[in-house]
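Scroll down for the structure; my scribbles are underneath it.
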Amino acid sequence: MATQEQQSAIKSAKVLMVGAGGIGCELLKTLALSGFEDIHIIDMDTIEVSNLNRQFLFRRSHVGQSKAKVARDAVLRFRPHINIKSHHANVKNPEFDAEFFKQFDVVLNGLDNLDARRHVNRLCLAADIPLVESGTTGFLGQVTVHVKGKTECYECQTKPAPKTYPVCTITSTPTKFVHCIVWAKELLFAKLFGDKNQDNDLNVRSNNPANLSKEREDVFERAEDEDIEQYGRKIYDHVFGSNIEAALANEETWKNRRRPRPIYSKDVLPESLTQQNGITQNCSVTDGDSMVSVMPSLGLKNPQELWGLTQNSLVFIEALKLFFAKRKKEIGHLTFDKDDQLAVEFVTAAANIRAESFGIPLHSLFEAKGIAGNIVHAVATTNAIIAGLIVIEAIKVLKKDANKYRMTYCLEHPSRKMLLMPVEPFEPNPSCYVCSKTPLVLEINTQKSKLRDLVDRIVKAKLGMNLPLIMHGASLLYEVGDDLDDIMVANYNANLEKSLSELPSPIVNGSILTVEDLQQELSCKINVKHREEFDEEKEPEGMVLSGWTQSPATNGDNASTSNNENAIDVTESSSVAETPTKKRRHSETQPESHKKETENVESEDDDLMEIENPMMVSKKKKRVE
Amino acid sequence: MDGEELTEQETALYDRQIRVWGPNGQRRLTKSHIFVSGIKGTVAEFCKNIVLAGVGSVTLMDDGLVNEDTLNANFLIPPDDNAYMGKTVAEVCSDSLKEFNPMVLVSVAKGDLSTLGAEFFEKFDVVVIGYSSRATKKAVNEKWRKLSKQVAFYTVDCRNSCAEIFVDLQNYKYTKKTLEETLEYELHFPSFHEAITIPWKLIPRRTSKLYFAMRVIEVFEETEGRKPGECSLLDLARVLEISKKLFMANSVSESNILDSVLERLITDTTEFPPACAIVGGILAQVLSRFLFAFNLLLMGNLVIFTREILVSQEVIKAISRKGEPLKNFFYFDAQDGKGMIEDIANYSK
């Protein structure tokens, strides 16, 4: 049990939990059992069936309800006299500003995505409230402590960005199943069922622009009276047949590559499906659109079973028909959702047919769903362990036991006899753009890139800002907010479409931009460097942001170099599309003069590097003493 | 491979964990039968974890009546004395566990652990003994070792913020496959009695202090006729005396290195809830990894301990991916935050 001292720290503490999912359920239970009496929970999600194997506060009857609320009610059943407040809301909402955060003694994260973690990190820094951060994947997990000025912040090391693929690999030369999934989900599905106004690279890029005739684009338009099956077959033949054929015409592409095989519906499917089984008429439609499925009517039961080309083709056509028959209203604004059964079926089938064409091994619906939905596997035990470790760190934070803070790794295989490995936290990175005020460097083509590209690809995607504001000198180029008048909005929208050098206050080589997010209370400077060319394969964004990644190794042994390559980010169902088994390169050992070993450091050894996992410990960091 | 496929309902419910251990791993879990005795915080956490994971059945034994004390760290007991009055801990916990996962059969067994016959354990794949005296652990372990069917045996104890897990898989064989060859390994697990009576001189110096501290506490409780966990700071002098004697008997000199940890272990024996979550999680994890390998061996009509063992591809995958089973002690202390595996056996024999 806790000591007297711990007990009083616990009793008087007010804590904020962000996330009531896998880690959150375990955390709320352990907090309540440990004697915490004042807890707020924020979670925007509702309960789903696939949560029930580990989010033990939820039952089947709760599916569809707010996680935060149900978790609260469940814990109050065994600890009725404590105060739990639930917020069924997005932590990024403006009501959760720095002022809101200031009422708490510590913030505990049990989140599932990088974006929200970064946002909470910034608010904790702005409010000067300690943060205990956590993540799990499979049997692995970690807990870290972030206290402003004492330990590194969550963003002192850059986190692995979601994997992106060069456009041409997806559109023309896939070599892995994941490429086919991205094509099926981001291009084909989006083209057929998503927003028609979005740019879409679905059609093969041809060297001859004349090939891209008007007619080809119109293939995707369905005439009012066009038979759905005929339409489906037309799409099928276009994307798997004639498109492949067109690509094959470009001999240069296939010199060192395996040539794909065009597939036409008539070679795979019988003349007419409707006469055979009339699927669309008697399909199993239950309540809720997400339950619409073609599998039962096609006699496909096991999601782990591999479908052949014919089965995939049937699923493709039938799923497409079903979208038009039962979900017509949604067409035009659908986006892929892993919990949308019909969408998963369609994407699985389309990806498999494409894989067949390119000689790539096919995958089951279960596997395809995992890849398409970026599903990170999760088990209850790891979440329970991690939640216990979070509470232990939270108590230290409340007692301000700074020299006892630890970050702890939960390992799959023991390293130096340890399954739970505590290591001392790292010092803040002096070149972190979030918790220090170090400027960033942006290489960009100032003549070609538009302000919109800068906002989307850098300010939002890389810097994780929610409500950004961009200034160049005294001139305000862009901002987002509710209180803007129409003239300003029109002005900013016009700016978005201009190249950087054409802006009212032109951004050129050597310009210094100020980028701010008022909600996150984060401001940073960006030094702009003009650059003409970018490598399409390696730098698909057409711009490169750097600065906080490599801090210069300055004078003597006190220089704290921090390295980002081995940033650890294990998440429960994260949005990071990285296979957890992938081995990541780890950096060279830091020069002796920079290494500071303390008694506890023995734990951080090379054994850890052998784990086939994203969990890597960088050696290039300095510990808090 | 082994019989029925997972149902649609199972696949949907267990989706995220099937992505960790595969459909075969899940099938193996659903065919495992677990016996658990002594349900306090850590064991309650363990039970929650295995019920959620979807084992075949869990049989609970704890005839203690529910009262204020049993509520500590045990979230399976709602604090409503109208609901639990006159009921045993096992009965109340069983009701709560059933709700977590209707697909798992949770039941209560009555009786006294130390007088149960060996045949009782025949129907289980795993036996977990929580918070028992040295004599009871030893007696059950010995009975279990004589069974024709081999099951896994675990004990778990958590006091204050420290915990010990003991594992006995007897002679456990497993294979690891490299690209060229299949290597066969055999692990010999000492019995509980053997593991706690190894001369201390033979135990490596850097072994967790908790191993020794737990042995001292066991001797104290046995000689003073105390129930497990029944002690207070008033007993410190007596406990330190026993510690000194044990060090002397073992011809090991640094007799006071245990003093501070012993003091913590006897001043307050109630469990620290975060430690329960952690140790209950580790025990469930250790057990599920064991099951993936073990059940498959039994299912192929192979006797696990014969020489000429033929192991299917599945087992190899399960074992080589999950590594060796934990051998044979695990220690956790919330104070330093380390979770250590200690292999304590008499290797000189």
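Helices meeting the span-like rule in chain B (full DSSP H runs, Cα extent of at least 27 Å along the helix axis, mean Kyte-Doolittle score of 0.5 or higher): B:273-299. For peptide A:294-302, the mean count of partner chain Cβ atoms within 10 Å of a residue's Cβ comes to 1.
When ranked by the protection proxy of mean other Cβ atoms within 10 Å per residue, highest first, what sequence do the peptides B:269-280, B:160-171, A:254-265 form? Walk me through the numbers on the way to the answer.
Working: B:269-280: 28.3, B:160-171: 22.2, A:254-265: 14.4.
Result, highest mean Cβ count within 10 Å first: B:269-280, B:160-171, A:254-265.
A Förster distance of 30 Å, applied to the separation of the beta-carbon atoms of residue A:329 and residue A:46, puts the FRET efficiency at 0.85.
Amide H to amide H, with H built 1.01 Å from N, residue A:418 comes under 5 Å of B:341, counting only residues 5 or more places away or on other chains.
3J(HN,Hα) along region A:345-357, derived from phi through the Karplus expression 6.51 cos²θ - 1.76 cosθ + 1.60 where θ = phi - 60°, amounts to 4, 4, 5, 4, 4, 4, 5, 5, 5, 5, 4, 4, 4 Hz, with x in place of Gly and Pro. Spin-label model, residue B:222/residue A:487: points 7 Å from Cα along the beta carbon direction are separated by 9.1 nm. Here residue A:452 and residue B:67 are evaluated by their C-beta separation; at R0 = 56 Å the FRET efficiency comes out at 0.25.
Interface size between chain B and chain A, please: total buried accessible area, 1.4 Å probe, rounded to the nearest 100 Å². Could you put the intermediate results ahead of the total?
Details: alone 16330 and 28570 Å², together 39910 Å².
Separately minus together, B and A give about 5000 Å² buried.
Between amide H atoms placed 1.01 Å from N, distances below 5 Å from residue B:106 occur with B:58, all of them 5 or more places distant or on a separate chain. Here the label points at residue A:310 and residue A:176, each 7 Å from Cα along the C-beta direction, are separated by 3.3 nm in the simple model. Measuring nothing but how far apart in sequence close Cα pairs (under 8 Å, 6+ apart) lie, relative to its length, region A:67-206 scores a relative contact order of 14 percent.
Residue pairs exceeding 21 angstrom between C-alpha atoms, taken from A:196/A:321; B:31/B:87; A:191/A:326; A:399/B:48; B:40/B:110: B:31/B:87; A:399/B:48. Take each residue in A:385-395, count the other chain C-beta atoms within 10 Å of its C-beta, and the mean is 6. Residues of region A:125-151 that lose at least 30 Å² of accessible area (1.4 Å probe, protein heavy atoms only) when the other protein chains are present, relative to their chain alone, are A:139.
With unit charges on the beta carbons (Lys and Arg positive, Asp and Glu negative) and the dipole taken about the Cα centre of chain B, which residue among B:213, B:154, B:253 sits farthest to the positive side? So the residue furthest toward the plus end is B:253.
On the protein heavy atoms, probe 1.4 angstrom, tell me the percent of accessible surface of chain B carried by carbon and sulfur.
Working: 7310 of 13860 Å².
So the carbon and sulfur contribution to the accessible surface is 53 percent.
Here the Karplus relation 6.51 cos²θ - 1.76 cosθ + 1.60, evaluated at θ = phi - 60°, turns the backbone of region A:109-122 into coupling constants of 9, x, 9, 10, 8, 4, 4, 5, 4, 5, 4, 5, 4, 5 Hz, with x for every Gly and Pro. In this structure the amide hydrogen of residue A:440, modeled in the peptide plane, comes within under 5 Å of the amide hydrogens of A:525, A:526, A:527, none closer than 5 places in sequence on its chain. Per residue, region A:421-519 exposes an accessible area of 43 Å² to a 1.4 Å probe, with every protein chain left in place. Note on chain B: GNM, Cα springs under 10 Å; of B:247, B:332, B:46, the largest mean-square fluctuation is that of B:247.
Residues in region A:50-57 carry Karplus couplings, in order, of 5, 7, 5, 6, 9, 8, 6, 7 Hz; the curve used is 6.51 cos²θ - 1.76 cosθ + 1.60 with θ = phi - 60°, and Gly or Pro positions show x. Available extension along the chain between residue A:402 and residue A:8 is 140.0 nm, counting 0.36 nm per residue and deducting the alpha carbon span. What the Cβ-Cβ distance of residue A:441 and residue A:521 gives, at R0 = 25 Å and to the nearest 0.05, is a FRET efficiency of 0.60. Using C-alpha pairs below 8 Å separated by at least 6 residues, the relative contact order for region B:197-267 is 40 percent.
Note on chain B: GNM, Cα springs under 10 Å; of B:215, B:28, B:238, the largest mean-square fluctuation is that of B:238.
Distance between the modelled labels on residue A:63 and residue A:164, one decimal in nanometres: 3.7 nm (7 Å Cα→Cβ projection).
The values are calculated or read from the model by the stated rules, or taken from the named source; none is laboratory data. No experiment lies behind these values; they were computed from the predicted model shown. Note: ideal-geometry Cβ built from the backbone for every residue, glycine included; neighbour counts use all protein chains shown. With ligands, DNA and RNA removed, areas are computed over all heavy atoms of the protein, side chains included. Shrake-Rupley method; radii C 1.70, N 1.55, O 1.52, S 1.80 Å.
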